[in-house]
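Report on the structure given below.
The values are calculated or read from the model by the stated rules, or taken from the named source; none is laboratory data. As the structure is a computational prediction, the values presented were derived from the model and not from experiment. Note: ideal-geometry Cβ built from the backbone for every residue, glycine included; neighbour counts use all protein chains shown.
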Amino acid sequence: MKIFIRSAAAITAQKTFGNVPFLNELIEYDDVRLSAIEPDYKDYIDPKLARRMSRMVKMGVASALQCLRQGNTEMPGAIITGTALGCQEDTVTFLTRIIEMQEEMLPPTAFIQSTHNTVAAQIALSLKCHSYNNTFVHKGISFESALLDATLLLKEGDANDILVGGTEEMTDTAFKILSRLGLYKRRPLSNADLYKTETTGTIGGEGAVFFLFSDRPSADNLAELVATKVFYKPQTSEDILLNINSFLADNLISTEDIDLIITGKNGDMKNDAVYNDSLSALFSDTSQANYKHLTGDYQVSVSFALWLAANIIKRGEVPALVADGAIKRTSPKKILIYNHYQNNYHSLMLVSAC
């Protein structure tokens, strides 16, 4: 059975939402943290309801509804999301009130909306959807876990028109904590120069990206999601090569069949060395593209890589903003996405023309 990407919608730090040109302009930030460009929510959410929603919930609901509109679908057969840290804004609000109010007479709203499944639940409430609803909280492979779940549902015939998304927000509190852990650059820099500095750390980001998956072929489908694979803590670059080779072999393709590789390079020396060491051995002649200078790095940022791959295949062009060197095949038909988070959580996705 083939699994198709019917439609996709993304709210990111770039102009990617709605009817906009395909990454023809870089929104430049001179910072170590990128914020999502939010749309006019009244086109998607009742203003009375939006007042009670956090930024993350509004971004998730708006991108999900836009995805359904683009896929000409009113009701999904299932809703599946992936997030590592959930709705941080409400979590921080609730924890702060615990301290300020000395654990007495706490308003429940912030707690109710701080749970990781809030986005999926609010989408279902907006649509009055009573079908399968699940959220995966698997750290650096949360979105990939949601993809695998959707794949199983489609193959088992339990649902169709499955809405799958990855959501993550960056709050001031989370940014401070992660900065202390050494995840981000010490000094501000332009995201356009992210790969030119040989230093440690990356830039933070956030976003909400949703897809509509179906097993029905159509001329309107963006692309086919051929396969997804995750693996954990490879010890050496040889382990990574073994996983990539087995992934390609399982899908009956060779390295020569790959037209483009989208990597998760993020400007951190140690992080990017993983890609350089493993991919140079297998794909020395294959064109590459990067995306984290556009979105920043966060646990489910690979969802944007899938959005990027699907649009590249459908539109038949690789934006100059993401190209890492010369692009040898300007209209790719098979794209391999390879991403890892903190060199612990690794994932591979194979996307093909329908």
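Quick notes on this structure:
- Flag if Asp40 is buried (at least 22 other Cβ atoms within 10 Å of the Cβ), free of Cβ contacts under 8 Å to residues at least 60 places away in the same chain and in the same structural domain as Arg187 (by TED's automatic domain parsing): no
- Matching entry among Ile141, Ile177 (being free of Cβ contacts under 8 Å to residues at least 40 places away in the same chain and either part of a helix (DSSP H, G or I) or not aliphatic (A, V, I, L, M) (or both)): Ile177
- The residues listed here are Leu23, Leu68; of these, the one that is within 21 Å of Ile312 (Cβ to Cβ) and in contact with a Pro (Cβ under 8 Å, 6 or more places away or on another chain) is Leu23.
- Pick from region 1-37, criterion basic (Lys, Arg) and closer than 25 Å to Leu189 by Cβ, ranking: surrounded by the most Cβ atoms within 10 Å (Cβ to Cβ): Arg33
- Any chance Thr135 is farther than 18 Å from Thr295 by Cβ, modelled with pLDDT under 95 and outside the structural domain of Ala249 (by TED's automatic domain parsing): no
- Enumeration of residues in region 170-197 that are farther than 19 Å from Ala36 by Cβ and in contact with a His (Cβ under 9 Å, 6 or more places away or on another chain): Asp193, Tyr195
- Selection within region 178-214 - at pLDDT 95 or above and acidic (Asp, Glu): Asp193, Glu206
- Residue check, Leu148 at pLDDT 90 or above, over 30 Å from Pro47 (Cα atoms) and in contact with an Asp or Glu (Cβ under 6 Å, 6 or more places away or on another chain): no
- Where strands (runs of 3 or more DSSP E) fall entirely within region 265-354, those with at least 2 residues that are of a type in the set (A, V, I, L, M) and crowded, with 20+ Cβ neighbours inside 10 Å are at 334-341, 345-352.
- Screening Pro188 with (1) touching a residue at least 60 places away in the same chain (Cβ under 8 Å); (2) over 18 Å from Leu294 (Cα atoms); (3) loosely packed, with under 12 Cβ neighbours inside 10 Å; (4) of a type outside the set (Ser, Thr, Tyr) gives one miss only, at (2).
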